[in-house]
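A.B. asks: Provided herewith is a single structure, encoded as structure tokens, for subsequent inquiry.
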Amino acid sequence: MPMPMPMPTTVVINSILRNSGAHAAAWVLLLTTASFAGQPATVSSYKDPLELVRKAVQNEIKASNDDTAHFLFRGTKTTPKGSTTRLYVETRDVTAGLVVAYNGKPLTPEQRQAEQARVERFIHDPEELKKKREQERDNAERTMRIMRAMPDAFLFEYAGEEPGSEGIGRVGDPLVKLKFQPNPSFQPPSRVEEVLTAMQGYVLVDAVHYRIASIDGTLFNEVGFGWGILGHLDRGGRFLVQQQDVGDNLWEISGMTLHFTGKILLFKNLSIISTEIFSGFKQVPNDLTFAQALELLKKEESSADGISATGKLANK
């Protein structure tokens, strides 16, 4: 099942756990369709920012539970060490991903063989596939807990309006910009939601379709994870997540930027600096198995759409 729009700090913590060897999950940032009723005629019809956020969060939750639309798409992640491009396919169980380029260049035969062996292990080892499925489910559940808490965890203030643009909402549709800061009366029900007490920033909400087009947040206090034993994220860490309508009221994550520093196990320095752009969304059958998705990825990689004659990844 596709995962809901993530709160990036959850992604950061998952990355930390993965890098420290305690968690080997592969996260995929995806959303699917939801139908909407009772849409307002204009942005100005909403006077209460909290009401707008509540409606948007309700629709994000509804979309995350809708398993009727699956996609094949491309993601290019750039870090200080270079870029990695992957093709992804959503399946009925998990999301399949295949590396197809490093720094814009297709894999060498040796790299391709190693990458295909890596993903094929999920087909030959049911326990590995089960573990991947459980990790994706756990990540989604943590994200949903944070998403549900947002309306109560923050105070929202109107900060203007702007039109949707490429990669952010629906092009030309009105977006309401809201400033958010922690609600002092919010009592986190668990450690998962506690991270919200150290965030502030801005959110862009599509006031016509009630969807979150962008979240731009900053940590204004140090944030511990693993009850402070595993480590912490430094003050000043920033994330940016953007979401777009890819057609027919189907919304997908279009980009994510993370810039965090901190400590792991109280002594090992942590640095997460990355930008990932998602594009080329194509709908696929929603009943694909992992093996079928892998074959589709291989076909896409070798097609003219996947790699251009110059050896660069073709744009779609």
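A.B. asks: Among Met147, Met199, which comes first, then next, by fewest other beta-carbon atoms within 10 Å?
C.D. replies: Ranking Met147, Met199 by Cβ neighbours within 10 Å, fewest first, gives Met147, Met199.
A.B. asks: Suppose the chain between Val171 and Glu222 were pulled fully straight at 0.36 nm per residue; how much longer would it get relative to their current alpha carbon spacing?
C.D. replies: Values: separation 51, 0.36 × 51 = 18.36 nm, distance 3.64 nm.
Additional length available on full extension: 14.7 nm.
A.B. asks: Quick one: Asp248, Asp206, Asp93, Asp67, fewest Cβ neighbours within 10 Å first, how do they rank?
C.D. replies: Ordered by Cβ neighbours within 10 Å, fewest first: Asp248, Asp67, Asp93, Asp206.
A.B. asks: Let me ask something else about it. What list of whole percents do you get for P(r) of segment 8-302, with Cα-Cα distances grouped in 5 Å bins up to the one holding the largest distance?
C.D. replies: P(r) for segment 8-302, in whole percents per bin: 1, 5, 11, 15, 18, 17, 14, 10, 6, 2, 1, 0.
A.B. asks: What ranking do Ile215, Ile61, Ile272 get, fewest neighbouring Cβ atoms within 10 angstrom at the top?
C.D. replies: Details: Ile215 23, Ile61 16, Ile272 19.
Lowest to highest Cβ neighbour count: Ile61, Ile272, Ile215.
A.B. asks: Shifting gears a bit: Taking K and R as +1 and D and E as -1, what net charge do the other residues with C-beta under 12 Å from the C-beta of Val284 add up to?
C.D. replies: With Lys, Arg at +1 and Asp, Glu at -1, the neighbours total -1.
A.B. asks: By how many nm would the segment from Leu265 to Ser190 grow when fully extended, if each residue of separation counts as 0.36 nm and the alpha-carbon distance is taken off?
C.D. replies: Roughly 24.9 nm would be gained on extension.
A.B. asks: For a 21 Å ceiling on Cα separation, which of these pairs sit above it: Lys62/Lys298; Lys62/Lys132; Lys77/Lys105?
C.D. replies: As for pairs spanning more than 21 Å Cα to Cα, those are Lys62/Lys298; Lys62/Lys132.
A.B. asks: What does the charge count around Leu98 come to, taking other residues whose C-beta lies under 12 Å from its C-beta (Lys +1, Arg +1, Asp -1, Glu -1)?
C.D. replies: Combined, the nearby Lys, Arg, Asp and Glu give +1.
A.B. asks: Over segment 126-219, calculate the relative contact order: mean separation of alpha carbon pairs under 8 Å at least 6 apart, over the residue count, as a percent.
C.D. replies: 24
A.B. asks: Estimate the FRET efficiency between Asn65 and Gln292 by the formula 1/(1 + (r/R0)^6), using the beta-carbon distance for r and 35 Å for R0, to the nearest 0.05.
C.D. replies: For R0 = 35 Å, the calculated efficiency reads 0.90.
A.B. asks: If each residue of separation counts as 0.36 nm, what is the full-extension length gain between Asp138 and Asn249 once their alpha-carbon separation is subtracted?
C.D. replies: The span from Asp138 to Asn249 would gain 37.3 nm if fully extended.
A.B. asks: Just want to confirm a number: the relative contact order over segment 8-302, from Cα pairs under 8 angstrom separated by 6+ residues, in percent.
C.D. replies: With pairs under 8 Å counted, the relative contact order is 23 percent.
Read-outs throughout are calculated quantities, based only on the coordinates presented, and are distinct from any laboratory measurement. Small disclaimer: the values here were computed from a predicted structure and weren't measured. With ideal geometry, Cβ positions are generated from the backbone for all residues, glycine too; neighbour counts draw on all protein chains shown.
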